[in-house]
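These notes are about the structure you will find just below.
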Amino acid sequence: MSDTAVAAVSTHSASGARFDSTGPEHCIQRRPDGIYADPAVLGTTVLAAIDSILRSGSILQGLDYPVLIKALYGTGPALPTGPDGQSLVRLASDIVPFNVQRRSLYRSVRIAGGAAEYCFEPVFLGGPGGEDIPTRLDFDEFVADMWIKGIRFGIDVAGVRGGIANPNAGRVVVARRLEPEAGIDATVVEVSDDIHRSDAPRQLSNGKLDLMCFQNRFPQVEKGARLLQKLPSRVGKPGFELSGIRIEPKAPADLDFSTYAGAGTSIDKNAAGEFLVAARTGFLNVDPTTRQIAVGDKIVSRDGVSARTTGNLQLTGDYEEFGDVQEKRVIEGNGITVHGDVYGEIVSRGGMVRLRANLVGGSIHNKRGDIQVDGVTAKATIQATAGTVTLQRAENCVISGTRVRIEQALNCEIIADEVSIGNAQGCAVAARRVAIDSTAPWRDSEMLVFVLAAECGRIDEVLGQIGTRLAQFDAAIGAHKTEQAHLCAQPAVRKYLEIAARVRSGEMSLTPPQAQQFKQMGQAVAADLARIGEVSNARKAAENEKAEGQALFDRFTAQRNERTAGSEVVLRRLAGDTQVRSLQYDPDGACFYDLAAREIKARLRGNDGTPLHAAAAGSYAWPAGAMAG
């Protein structure tokens, strides 16, 4: 394309409105201060125009190569802007023909591994007389020649100019492929400091440090708190071959943010981004396998309880531990579940305490709830003040609770309101209701069974006093009846009473003389009649007092029966020496089984109690008939 053609297509002033829309070079404009490209059609349109110009035998004189690459491929430094804020795409100072004689100065290039090498050496033009005239290569011509040879991207401006300045430079890398810039995968970042644990020693109210407890081992978050944020993926930047072919970057990986949302959390999308927020107030739990975050009432730990990981724990909510609890470590809380072995101490204020493995040498105390150990319990103390203790196998343990159920017990001290054991050997068992399938001693340990019978001494004393008083009433009533019968048996009294009864009933009526005579009869026995009245009143008073005393006697008797009801022992098979004793307790006193382990041992291994039975074989039930029931 000639200068004339360019001028014909693009003859506008520097302030021209739109670029011409005719011909492939309609987006190129010659101005007094240089050659410009239309910023509205950068890319393939300008590329076609530049290709047409260079293939037509022209070069871009005074070429600004970085601006050209930016205009064609969109990579490199930003374009400058004009006063109106629009980009200024000044490509060169002019478009001039490529001298045919000079074109021969440019050699071929060697392309390998995404780089182009050119051998710089002295160059000569033929003179009028055939002589060689030294000359130099030109950068603008070099770019035009490389374009025709297929290198349309990545020319090293400094390298080329250095080779031109030093003709003896030899082989120089003049162009390089631009590798694509990888994008950034979507990631998740923490946005709350509250989700981090603090393993610093806990400071007590007196200012001292408790080295056995950590400051904040299990973080607690408020409802609505932002926990995590998803940072979206970012697409990378393309690369370009030397030919100008675009090399697309690898697509960045995305992630499913919802997989991080566990129970008690939700995904919140807003103008600030995508966040995982707490849907409720509670404890933060992170599953290391699924990376799921949950917020709930229960604390979940997978690190175990030891001096290194957690220290002693004083918790306000339910707790689930998947690791072991080391010896001398203490867990205090509500509703505690441990999947590992427990060698330390567990103290629960309520709820279920569940050990899915073993309890060895440790202890469990639950104020208001049940205790269950799925594995072996050995050399431990288990106490449920208001709950059921359920064990599979217990060895050398002290056990107490409202109800105790054990499959196999060996050399244990057990006290409860109700005890049910499958196989008991060498144990001391005390309860109001005892049911054991098989009993036997073990080594030097006797097999002792105590049935706890309510202590009724005070009630019996009261019943005795009431019984004595009732006997006195019976004697008094009998004496009154005897005296009354004696008085009524006297002839004059009996006759007067008979006549009086017939007169009152209307069987007979008295004439005036008879009435006078009857009156005289009454006067004769008046003293006896008065005495009969007194004795009758005294008898009625004694009978009333006896009725009240009998009612009181019946109430105390029912109370005694209620206190003594329910105590029973059923031993289905005696497989060795077994002793059964009766041991009294006070139902109105403190809980008889809520004792320290040392007191339980001392009471059950002593000689207290009234012997009921001792045998090495057979079966036993107390009271009689309990076995059938």
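Can you work out the PRE-style zone for N544? Point 7 Å along Cα to Cβ, and I want the residues of the range 482-497 with backbone N under 19 Å. From the range 482-497, the list is empty.
Distance between the 7 Å Cα→Cβ label points at D132 and R110: 2.1 nm. The residues of the chain expose, per residue, 51 Å² of accessible area to a 1.4 Å probe. Only one residue of Q517, T468, Q29 has its Cα farthest out toward the positive end of the dipole of the chain, where Lys and Arg carry +1 and Asp and Glu -1 on Cβ, and that residue is Q517. Its Cα centre serving as origin, the chain has a Cβ charge dipole (Lys and Arg +1, Asp and Glu -1) of approximately 1540 debye.
Helical content of the chain, expressed as a calculated mean residue ellipticity at 222 nm, amounts to -8000 deg cm²/dmol (DSSP H runs of 4 or more residues, -39,500 (n - 2.57) each, divided by residue number, nearest 500).
Packing around the peptides 479-488, 32-41, taken as the average count of other Cβ atoms within 10 Å per residue, puts them in this order, highest first: 32-41, 479-488.
Only bridges with both residues in the chain count here: give the DSSP antiparallel percent, nearest 5. Spell out each step's value before the answer.
Details: 64 of 155 bridges.
About 40 percent, rounded to the nearest 5.
Charges at C-beta only: +1 for Lys and Arg, -1 for Asp and Glu. How large is the resulting dipole of the range 249-393 about its Cα centre, in Debye rounded to 20? Mind dumping the intermediate values first?
Working: 16 positive and 17 negative charges, 64 e Å.
My answer is approximately 300 debye.
Only four residue types carry charge here, +1 at the Cβ of Lys and Arg and -1 at the Cβ of Asp and Glu. Report the dipole size of the range 440-597 about the Cα centre in Debye, rounded to the nearest 20. Please list the in-between numbers first.
Working: 19 positive and 21 negative charges, 200 e Å.
Rounded to the nearest 20 debye, it is 960 debye.
Within the chain, the whole DSSP H helices whose Cα atoms reach 30 Å or more along their own axis and whose mean Kyte-Doolittle score is at least -1.0 are 457-488, 526-564.
Counting only protein heavy atoms, what percent of the accessible surface of the chain is carbon or sulfur at a 1.4 Å probe?
Details: 16100 of 31990 Å².
Roughly 50 percent of what the probe reaches on the chain is carbon or sulfur.
Sort 612-619, 55-62, 501-508, 71-78 by packing, meaning the average of other beta carbons within 10 Å per residue, with the highest value first.
On the way: 612-619: 13.5, 55-62: 18.1, 501-508: 10.1, 71-78: 16.5.
Result, highest mean Cβ count within 10 Å first: 55-62, 71-78, 612-619, 501-508.
Quick one: which of 172-184, 383-395 comes out on top by average Cβ neighbours within 10 Å, and what's the full order, highest first? Don't skip to the end; give the middle numbers.
Details: 172-184: 16.8, 383-395: 21.2.
Most protected by this proxy first, the peptides run 383-395, 172-184.
The values are calculated or read from the model by the stated rules, or taken from the named source; none is laboratory data. What you see is a predicted model; the values in this text were computed from it and never measured. Cβ coordinates were reconstructed from backbone atoms using ideal geometry, including for glycine residues, and neighbour counts include every protein chain displayed. Note: accessible area is taken over every heavy atom of the protein model, side chains too, but ligands, DNA and RNA are not part of it. Shrake-Rupley method; radii C 1.70, N 1.55, O 1.52, S 1.80 Å.
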